Amino acid sequence: MTREPVAVVGIGQTKHTAARRDVSIAGLVREAAVRALDDAELGWADIDAVVIGKAPDFFEGVMMPELYLADALGAVGKPMLRVHTAGSVGGSTALVAAGLVAARVHRTVLTLAFEKQSESNAMWGLSLPIPFQQPLLAGAGGFFAPHVRAYMRRTGAPSGIGALVAYKDRRNALRNPYAHLHEHDLTLDQVRSSPMLWDPIRYSETCPSSDGACAMVLTDRAGADRAPYPPAWMHGGAMRSEPTLFAGKDFVSPRAGRDCAADVYRQAGIADPRREIDAVEMYVPFSWYEPMWLENLGFAEEGEGWKLTESGVTGIDGELPVNPSGGVLSTNPIGASGMLRFAEAALQVRGRAGEHQVDGARKALGHAYGGGSQFFSMWVVADTPPTGWSRASYSFRGLSGTGHESLRWGRDDDPGG
């Protein structure tokens with residue numbers, strides 16, 4: 001059986017802040033879900049299944065939150081599936097939902113990921129006690145800092161590269177009304193002189209702790225026909241994993257990340273990602289991971305990633321814009337951070353990213369990673385269907401003014417669609 005093409009027709013997210021004390025977790029997720037449904041001009045009755053994801057339950061202390069949230073997400077009496085792959089969970093959740101549509105298990109799926117960090121302490125939750133490890137770490141930054149130092153030694157990267165990434169992403173966040181951090185007066189010198197937390201990672205080079213949620217509506221060809229706005233079409237998606245620790249593991253450029261990217265590019269027919277991808281939403285919780293992932297994802301040769309950052313290639317007006325939304329460095333509801341990367345990539349190719357829209361973006365990569373650089377999820381989305389599907393008409397309902405036009409897609413070899 002051929003795979004059904006998957007379209008993103010609705011995207012919604014909350015305003016991300018340090019503490020959303022005005023809503024419960026249920027209220028937080030419903031806010032994002034309603035916005036996604038409104039974007040797709042659909043109601044709860046149009047959703048066939050719900051796929052939800054978040055980071056570890058102990059972050060908020062609510063075990064199996066999918067049971068508690070079924071009513072808020074219109075899932076009572078419908079299939080509901082929970083996904084968990086550490087920090088990459090937002091991306092993995094989207095891919096599981098996309099798989100249900102691609103396999104024709106369900107026609108229209110609501111997928112959502114969230115975190116309410118104000119009701120937890122993720123930093124100390126990720127600081128494992130003796131006897132499981134030496135008492136030398138505090139949070140994820142303490143785990144990843146040695147890998148950053150290894151990258152610097154391996155490549156000869158100057159010490160100021162991380163500050164350039166952080167400053168870029170925080171400036172991009174000013175264009176994104178949903179971003180958590182809006183630091184209007186931040187200067188590059190302030191980033192460079194901010195307190196050192198985990199050498200070489202400074203305070204302003206780290207992600208915040210955010211409350212927030214992100215939701216998407218994924219559907220099939222028929223659903224895309226009825227969409228009020230141009231959809232984003234999934235051209236490739238993949239997940240890969242590897243153990244946290246094993247002999248020979250490359251923490252600087254994990255094998256699972258390289259393999260995941262290669263699989264996605266193969267599915268999408270991409271031979272040269274740097275030239276063929278117009279925008280990248282990359283999971284960068286600590287600034288140095290931009291140049292590291294540029295190499296891991298095939299955008300730069302080994303040892304060359306930092307040079308792209310230093311030369312401005314990854315700026316919003318550069319040759320390869322990375323994190324035009326402000327990225328994880330500006331917004332980090334952990335369970336939703338990966339889905340935000342996927343959703344922001346989809347917004348770019350739909351032309352609906354607002355002030356942080358990349359001009360001419362037609363193909364974008366969404367990327368997430370989690371655990372000890374061990375879980376990876378990625379997708380490539382574009383403004384046209386995958387190869388083998390052709391466009392029969394172009395106008396969208398609500399855009400041309402007549403109010404009844406639609407977009408219809410069919411296989412090149414199937415005049416009936």
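The values are calculated or read from the model by the stated rules, or taken from the named source; none is laboratory data. Nothing here was measured: the structure is a model prediction, and the numbers come from that model. Counting neighbours? That spans all protein chains shown, and the Cβs are built from the backbone with ideal geometry, glycine included. Ligands, DNA and RNA are stripped out before the accessible areas are found, and what is left, the full protein with its side chains, is counted by its heavy atoms. Shrake-Rupley method; radii C 1.70, N 1.55, O 1.52, S 1.80 Å.
List the aspartates and glutamates whose Cα sits under 15 Å from the Cα of residue 363, skipping any in the same chain fewer than 8 residues away. Partners within reach: 272, 276, 278, 281, 319, 344, 383. In this Cβ point-charge picture (+1 for Lys and Arg, -1 for Asp and Glu), the chain has a dipole of about 300 debye about its Cα centre.
Cross-link partners for residue 78 among the aspartates and glutamates, with Cα-Cα distance under 17 Å and sequence neighbours closer than 8 places in the same chain left out: 46, 48, 66. Cross-link pairs exceeding 29 Å between alpha carbons, from the set 116/168; 15/168; 116/249; 15/307: 116/249; 15/307. Accessible surface of region 288-351, 1.4 Å probe: 41 percent of it comes from carbon and sulfur atoms.
So, for the chain, what is the accessible surface per residue at a probe of 1.4 Å, expressed in square angstrom?
On the way: 16270 Å² over 417 residues.
Averaged over the residues of the chain, the accessible area is 39 Å².
Ranking 217, 181, 358 by how far each Cα lies toward the positive end of the dipole of the chain (charges on Cβ) leaves 217 at the top.
Calculate the dipole size of region 278-324 relative to its Cα centre from +1 charges on Lys and Arg beta carbons and -1 charges on Asp and Glu beta carbons; express the result in debye to the nearest 20. All intermediate terms of the calculation are to be shown ahead of the outcome.
Numbers: 1 positive and 10 negative charges, 27 e Å.
Here region 278-324 has a charge dipole of around 140 debye.
Between residue 199 and residue 226, the modelled label-to-label distance comes to 6.1 nm, taking each label 7 Å out from Cα in the direction of the beta carbon. Extending 7 Å from the Cα toward the beta-carbon at both residue 275 and residue 104 defines two label points whose distance is 3.8 nm. Within the accessible area of region 193-259, the carbon and sulfur atoms contribute 53%, probe 1.4 Å, all protein chains present. So what is the relative contact order for the chain, in percent, with contacts set as C-alpha pairs under 8 Å and at least six apart? Taking the mean separation of contacting Cα pairs over the length of the chain, I get 23 percent.
Here are some values of P(r) over Cα pairs in 10 Å bins from 0, in percent: (i) 4, 18, 26, 21, 13, 8, 5, 3, 2, 1, 0; (ii) 5, 24, 34, 25, 10, 2, 0; (iii) 5, 21, 29, 24, 13, 6, 2, 0, 0. Which one was computed from this structure? So the calculated entry is the one marked (ii).
Heavy-atom accessible area with a 1.4 Å probe sorts 375, 58, 144, 246, largest first, into 58, 246, 375, 144.
Surface calculation, 1.4 Å probe, protein heavy atoms: residue 258 sits at approximately 90 Å² accessible.
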